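One structure is given here, and the rest of the page talks about it.
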Amino acid sequence: MDLIEALHSMMLIRAFETALARRSDHGFQLLSSGEEAVAVGVCSALTADDQLLTGGRSIGPALARGLAPDAVMAELLGKASGPNRGKGGRGHMSDASAGFFGAHAVVGGNISIAAGVALARSLGGEPGIVVILFGDGACGAGALHEVLNIAAIWTLPLLFVCNNNQLSVSTPRTAALAPKALSDLALAHGIRSASVDGMDVVAVHQAAAAASTAIKLGEGPAFLECTSWRFASHSTSTRETRGQAEMAAVLARCPIARLDAALSTSGALTPTIRADLERQVDAAVAKALAFADASPYPERDEATTDVG
Amino acid sequence: MSGEPAAATERLFFREAIGRALREEMRIDPRRIVMGQDVGAFGGSYREFEGLFAEFGASRVRDTPVAEAAMVGIGVGAAAAGLRPLVSVTYMDFIMLGLDPLVNYGAKLRYKTGGRLTAPVIVKTTSGARGQGVAHSQCVEAWLMSVPGLKVVAPSNPADAYGLMKAAFLEEGPIVYVDHKRLFPIPGEVPLAATVTPLGLAAVLRRGTDLTIVTHSFMTRTAMEAATAMSAQGVSCEVVDLRSLAPLDIATVSASVRRTGALLTLEEGQVTCGVGTEVAAQVQQRLGPIPVARVGALAAPVSSNPVLEAACLPDAPRVVSAAVALLGRRRSDAPRPVSRKS
């Protein structure tokens, strides 16, 4: 794992979302700030043959999967130069050719879809695994439980990644979900599972890589729970329910600052390299905004194109 | 049609016609698979999948757990990723469990990806009442007609059961194929040659001059029965079998109603927001005000109790009496002297 690249990727997500959140012309957004290590750790363990599907909180995962910031920004701002002509937008972006089969903003709604993609792979003898990234909110939904069972009996090449940010809008995970660890949900189906610190990009990467290897060896699906902390409220239009002291403690867990400190201590990250990364990230975000702003919206006629 | 040589046919039960179409399609392309409850060695609850498991094996004819939401979702996802799956939902009542992946994902996929992905999945499901009670008898195809991006067909005879299944495999997006419990054991002639029944094309099954009856699925048989009964009373009914509900062939229906001047819609489902309601509205948009009657099940659950089930469902006498009332109304309306104030 290239740790400088991981740091760069996490910094890009943070800067991208921060710039996007400042805009007023996007309706609202589901930010993943604070959860960058989950997206980057998982995606750094994937290959070009793999496919990633996510829930609605998908900006970080899309960027970590390697989608161009220009295209992502254009899609989120509803521009026709987005990968889905601005018609998918927030929560529904997709670029299967880049290994990002896509987001789907129905909680738990993309899990059975991912299993179908995995079945197609398996029957077609195609290489690569399918990763479905979902939040702890989806762990209460029937879809996950049905698909865990089927994925196990059909030994699908499917990696379940639960980004457990411990909040469903305002409802704490402890008030919504009975299992002690969410990875326990996989145990009943004999699915290999693990829980890791989702604020530690190295731990996430190692666990995802190990799971991916096992899946590719034909061991069937695996389940990875990454415990994380959301830095923003549920969406940019949702009020924050956590108090100042709690938020201060949450922000102190920053996965970017954590990797930065580790790399600085080891000497791998120098102030020069960090300044360079910051410049690259800022330039990429500025370029993405400029690209999106210069792009047209789809024509009104497109309201009825590609319907059926 | 007269003048053309009759195409060679074979006599098949409705269930066999479905099976033949699936067998042919699965032989063409290994990406075509069937999944659902008891579709494997058991051959389907109505034996419509008989023989497929033996020929294509457990990998392509997949028994699933009782989990309709996951089954439909997996079918939709597999379709989006390049397979051509048919998902069998044994009772249409349980399609409700699979509506999230079908409606929220499958029907919108082409749109939301800007045309880059589509989900050509067939969801085959069995509607209709035959003594199985309030949650195993419903005809909810009208619900599905209003979903942009979703197609819906409902054959009434073996030839169309075959031809519409063939058509379903040509689709680029999701399609719901509605069959009916009472149709499975019904025989009919099916062309020996591979034949596709085009989507969006209704069939005029009987020509008439006084009234157009528009129907689909098993109720087509009820409509024909009613038309025969009315013929004895000197009323000439035209019967149109929609075959395809989305897209809807309103041109054929309108042309018929223009000739007959009156429309009776007949379905086994509910008339409120039903197939007939939509048909009537679209016909009147084209033709202006016309006399319309809608016949469907009573606004009540369909019991497994034989007396109550029969009381709830439309039958030929109910169609005849609705038709007589409709035509009586038209006659009483028509000759009324009109005071012309110009």
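No value in this document is a laboratory result; all are computed from the given coordinates. Note that this is a predicted model, so its numbers are computed, not measured. Every residue, glycine as well, gets a Cβ built from its backbone with ideal geometry; the counts of neighbours run over all protein chains shown.
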Within 10 Å of the Cβ of an average residue in B:79-86, the count of other chain Cβ atoms is 6
Bridge orientation stat for the protein assembly as shown from DSSP, antiparallel percent rounded to 5, came to 20 percent
Across A:84-97, the residue-averaged tally of Cβ atoms belonging to other chains within 10 Å stands at 4
Expressed in µm² per second, the diffusion coefficient of segment A:54-104 from the Stokes-Einstein equation, with Rh the Kirkwood radius over alpha carbon pairs, at 25 °C and 0.890 mPa s, is 243 µm²/s
The correct pair for the protein assembly as shown, radius of gyration to one decimal and Dmax as a whole number, both in Å and from Cα atoms, is 28.6, 101
The equivalent-ellipsoid semi-axes of chain A, taken as the square roots of five times the Cα gyration tensor eigenvalues and listed largest first in whole Å, are 28, 24, 20
With bins of 10 Å, the percent of all Cα-Cα pairs of segment B:76-137 per bin from 0 is 23, 43, 23, 10, 1
Distribution output for segment A:72-196: share of Cα-Cα pairs per 10 Å bin in percent, first bin at 0, values 13, 38, 33, 15, 1
Projecting the Cα atoms of A:Leu53, A:Ser97, A:Gly82 onto the charge dipole of segment A:1-125, where Lys and Arg contribute +1 and Asp and Glu -1 at Cβ, the residue farthest towards the positive end is A:Gly82
So, relative contact order of chain A in percent, Cα under 8 Å, 6 or more apart, is 24 percent
Compactness summary of segment B:9-135: radius of gyration and Dmax from Cα atoms, Å, are 14.9, 45
Given 20 °C, 1.002 mPa s and a Kirkwood radius over Cα pairs, the Stokes-Einstein diffusion coefficient of segment A:240-289 in µm²/s is 165 µm²/s
Of every Cα-Cα pair in segment A:170-308, the percentage lying beyond 20 Å is 71 percent
Proxy exposure order for B:Thr272, B:Thr222, B:Thr260 (fewest C-beta within 10 Å first) is B:Thr272, B:Thr260, B:Thr222
P(r) over all Cα-Cα pairs of segment B:88-233, 5 Å bins from 0 to the longest distance, whole percent per bin, short to long, reads 2, 9, 17, 19, 19, 15, 10, 6, 3, 1, 0, 0
Mean per-residue count of partner chain Cβ within 10 Å for A:114-127 equals 6
With no solvent term and unit scatterers on the alpha-carbon positions of segment B:182-327, Debye gives log₁₀ I(q)/I(0) at q = 0.09, 0.10, 0.13 Å⁻¹ of -0.27, -0.34, -0.57
Using the Kirkwood radius over Cα pairs of segment B:141-210, the Stokes-Einstein translational diffusion coefficient at 20 °C and 1.002 mPa s, in µm²/s and rounded to a whole number, is 159 µm²/s
Compactness check, chain B: C-alpha Rg relative to the 2.2 N^0.38 Å globular estimate gives 1.02
Under a Gaussian network model of chain A whose springs join Cα atoms within less than 10 Å, the largest fluctuation of A:Gly124, A:Gly55, A:Gly142 belongs to A:Gly124
